[in-house]
Amino acid sequence: MRSLDIYAFLLQRINAVHDFEKLAEAELGSEGQQAYERVMRQKAMLLAKLADDARERFPDADEWVLDGLERFSASARNSLKIGSVFYMSALLYPEDHKPGQPNDLEVFAENLKE
């Protein structure tokens, strides 16, 4: 089933985002702000490519899926364009996000699975 393939693809990206976030926290504690910024930039670059990667891998995916992924990518590209590390760190998280709650990409993936 195609939506399950896209779901698996998104889970890989979600896991990579979590890995970047964990690494960034560790870097902030040990190596400081520059290392944190470098990792947040990597996270943003991964998300900036998300829609293009999905279009390439799943060219026949439903348009609503690709449009949704494009919104995530556009936010990430914007964070890179303006160079805001805070923006990069906040990608995928709503203003009222609480620890332990899924981020917006996780919610999107779960909706796709259903």
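Taking the range 1-21 as the search range and keeping residues that are open to solvent by 70 Å² or more (accessible area, probe 1.4 Å) and at pLDDT 95 or above, which one is nearest to residue 70 (Cα to Cα)?
Top of the filtered list is 12.
Part of a helix (DSSP H, G or I), of a type in the set (A, V, I, L, M) and either surrounded by 14 or more Cβ atoms within 10 Å (Cβ to Cβ) or out of contact with any strand residue (DSSP E or B) (no Cβ under 8 Å at 6 or more places or on another chain) (or both): does that describe residue 61? Outline the logic, then answer.
On the way: part of a helix (DSSP H, G or I): no; of a type in the set (A, V, I, L, M): yes; either surrounded by 14 or more Cβ atoms within 10 Å (Cβ to Cβ) or out of contact with any strand residue (DSSP E or B) (no Cβ under 8 Å at 6 or more places or on another chain) (or both): yes.
It is false that residue 61 is part of a helix (DSSP H, G or I), of a type in the set (A, V, I, L, M) and either surrounded by 14 or more Cβ atoms within 10 Å (Cβ to Cβ) or out of contact with any strand residue (DSSP E or B) (no Cβ under 8 Å at 6 or more places or on another chain) (or both).
Quick one: in the range 87-100, which of the residues that are at pLDDT 95 or above and surrounded by fewer than 17 Cβ atoms within 10 Å (Cβ to Cβ) is nearest to residue 38 (Cα to Cα)?
Step by step, filter the range 87-100, then rank; the result is 90.
What tally of residues in the range 1-20 results from selecting those that are among the basic types (Lys, Arg) and in contact (Cβ under 8 Å) with a residue 60 or more places away in the chain?
Step one: filter the range 1-20 for residues among the basic types (Lys, Arg), giving 2, 13.
Filter once more, keeping what is in contact (Cβ under 8 Å) with a residue 60 or more places away in the chain: 13.
Going through the range 1-20 one residue at a time, the tally reaches 1.
Please pick out the residue among 14, 6 that is under 12 Å from the mean Cα position of the chain (by Cα) and assigned to a helix (DSSP H, G or I). Talk me through it step by step, then tell me what you get.
Values: 6 fails: under 12 Å from the mean Cα position of the chain (by Cα).
Only one candidate qualifies: 14.
Quick check on the range 22-34. Is at least one of its residues in a helix (DSSP H, G or I), open to solvent by less than 60 Å² (accessible area, probe 1.4 Å), within 21 Å of residue 84 (Cβ to Cβ) and at pLDDT below 95?
Checked the range 22-34: at least one residue is in a helix (DSSP H, G or I), open to solvent by less than 60 Å² (accessible area, probe 1.4 Å), within 21 Å of residue 84 (Cβ to Cβ) and at pLDDT below 95.
Suppose we keep only residues that are basic (Lys, Arg) and part of a helix (DSSP H, G or I) within the range 35-58. Which one would you say is most open to solvent (accessible area, probe 1.4 Å)? Break it down stepwise before answering.
Step one: list which residues in the range 35-58 are basic (Lys, Arg), which gives 38, 41, 43, 49, 55, 57.
In the following step, the residues that additionally are part of a helix (DSSP H, G or I) were identified as 38, 41, 43, 55, 57.
Working: 38: 110, 41: 89, 43: 0, 55: 84, 57: 127 Å².
For the range 35-58, the residue satisfying everything is 57.
The values are calculated or read from the model by the stated rules, or taken from the named source; none is laboratory data. These figures come from a predicted structure and were not determined experimentally. Heads up, the Cβs are rebuilt from the backbone with ideal geometry, glycines too, and the neighbour counts pull from every protein chain shown. Heavy atoms of the whole protein, side chains included, go into the accessibility calculation; ligands, DNA and RNA do not. Shrake-Rupley method; radii C 1.70, N 1.55, O 1.52, S 1.80 Å.
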